[in-house]
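Enquirer: Can you keep this structure in mind? I'll have questions shortly.
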Amino acid sequence: MNNNINQFQPENLENFGWSPFFHEHFQKLNIPDTVPARVVSESKNSFQVYSEYGVLAAGIAGKMRHNNEAENTYPAVGDWVAIKPLVGEKKAIIYAVLPRKSKFSRKTAGERTAEQIVSANVDTVFIVSGLDGGRNLKLRRIERYLTLGWNSGAIPVLVLNKVDLCLDAEKLVQSVEDIAPGTAIHAVSAKEGTGMDALKTYFSRGITVAFLGSSGSGKSTLINFMLGEEKQETGEVRADNRMGRHTTTMRELIQLPSGGIMIDTPGMREIQLWGEEDGLQGAFEDIEKLAGKCRFSDCTHNAEPGCTVRTAIEQGELDLARLESYRKLQKELNYLSAREEQSTRLYEKQKWKKVAKWVKEIQNRP
C-alpha cells in the first residue's frame, strides 16, 4: 500500500462536502488501508470517485456485492465511501458506504417494490419546472416531486424556469405558491439570466445542490449558467407537448469553480414515490394542519361533522383537487409500505429456509 495514504488529510476534501459528520463515521468503520472518497458518477455499477488522489475508477468489493441484494448497500452519486486505492493504477475498490445525511429516493420503475437512490448527501434539491406550457408545469406532478424532496432530508426549492417564454408568469407562479406553502420559489430564465442571482446564493463551499425535473425543463441550461460554460449538452423541446429530449443520460456530481457542488440527474418520466406512511407532512403541510383540527382524529374529510378540511374547501381556502392529490399520494404510500413489509417477510423466510437446509446438510454428513 502507498505510504502516502497514511498521510491523508480529510480537510482537503471539504470543498467536496467532507465534514465532521462523515469523518466520525469513517473513523468508526476502521477498515485498514482505506481512505474516504465521494461518488462522482455511476453507470451500471461502475463508479467514478473523488479522493485525495484525484478521480479514480472504482468497483465494488466482493463482500459488499454479496450483501447488496438484501441491504441495498450500493453507493449512489453523492455518497461518501471507504475505498482502497490500487497501487500504480487510477483505480480503487469500494468497501463501505458511509451513513447518509440525506438521500433522494424513489420506487424503482415497474412492478418490483424496491428503493432507487437517485442522489445522496444533498443539502438543497432544486425541483425544476418549465413555464413554457405543456406537461412541464403540472401542479400534481410538482406535488409528487415535493413529497420526494421533503422525504429526502434535504430542503426542496422550486425553480420555475423559462420565464422569458411565459406571457402570464405571475399567475402561474401564484398557482404554484398555493400548493407549496413554506417552500422557496424562484421564477428564472437560465437562457437570459433573469433571477439567476437568487439561485447562486444557495451555493457555497461544500454545499451540494441536486437538480431534479422533467426533460425539457432546462436543468442542463441552468447548470451551464452556473458553470459559465457549455459543459452539459442541451436540446430543443418538442413543439407538440413541450417535453425535451434526454440530454442528461447519467447522474453526476459537478464542482463549481466558485464553490459548491451540483448533482445533475436525467429527466424522470415516471415519479414513483418512496417513503414512510406519514411522509406527506412537508409537501402537504396546509392539509395536515387543517386535519389536526378536525373533530375526529380518524376523519376521512368526506361528510363527518366538524371537518375543518371540508370547511376550508367550501370557503374557497383549499382546492378540492389538492385534497384529492393528497389522498392519492397517501394511498400510494400506504400501499408501498405494505408491499415493502411483505417483501421483507418473504426475504427473511427464504433466508432462514436456506439456513435450515444448510444445517440439515451438515447434520446428515457421515
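Enquirer: Under 6 Å between Cβ atoms, which residue pairs at least 6 apart in sequence (or on different chains) link something in the stretch 303-324 that is free of Cβ contacts under 8 Å to residues at least 40 places away in the same chain and surrounded by 12 or more Cβ atoms within 10 Å (Cβ to Cβ) with a partner that is assigned to a loop (DSSP other than H, G, I, E, B) and hydrophobic (A, V, I, L, M, F, W, C)?
Expert: Correct list of pairs: 304/296; 307/294; 307/299; 308/294; 312/318.
Enquirer: May I pose another question? Scan (1) closer than 30 Å to residue 312 by Cβ; (2) touching a Leu at 6+ places or on another chain (Cβ under 8 Å) for the single condition residue 138 breaks and write down its number.
Expert: Among (1) closer than 30 Å to residue 312 by Cβ; (2) touching a Leu at 6+ places or on another chain (Cβ under 8 Å), residue 138 violates only (2).
Enquirer: Here's another thing I want to ask about it. Pairs please, first residue from the stretch 34-59 and among the charged types (D, E, K, R), second anywhere and at pLDDT 95 or above and part of a strand (DSSP E or B), Cβ atoms under 6 Å, 6+ apart in sequence or on different chains.
Expert: As it stands, the answer is 38/80, since those pairs meet every condition given.
Enquirer: Using beta carbons and a limit of 9 Å, which pairs, at least six apart or on different chains, have the first residue in the stretch 75-102 and within 10 Å of residue 49 (Cα to Cα) and in the same structural domain as residue 41 (by TED's automatic domain parsing) and the second one part of a loop (DSSP other than H, G, I, E, B) and among the charged types (D, E, K, R)?
Expert: 77/251; 78/100; 78/251; 79/100; 80/100
Enquirer: Select the strands (runs of 3 or more DSSP E) contained entirely in the stretch 135-216, then report the ones holding at least 1 residues which are surrounded by 23 or more Cβ atoms within 10 Å (Cβ to Cβ).
Expert: Working: elements: 155-161, 184-187, 208-213.
So the answer is 155-161, 208-213.
Enquirer: I'd like to know if the stretch 56-75 contains one or more residues that are of a type in the set (A, V, I, L, M), modelled with pLDDT of 90 or more, farther than 23 Å from residue 45 by Cβ and assigned to a strand (DSSP E or B).
Expert: So far as the stretch 56-75 goes, no, none of its residues is of a type in the set (A, V, I, L, M), modelled with pLDDT of 90 or more, farther than 23 Å from residue 45 by Cβ and assigned to a strand (DSSP E or B).
The values are calculated or read from the model by the stated rules, or taken from the named source; none is laboratory data. In this text, all values refer to a predicted model and were calculated from it rather than measured experimentally. Cβ coordinates were reconstructed from backbone atoms using ideal geometry, including for glycine residues, and neighbour counts include every protein chain displayed.
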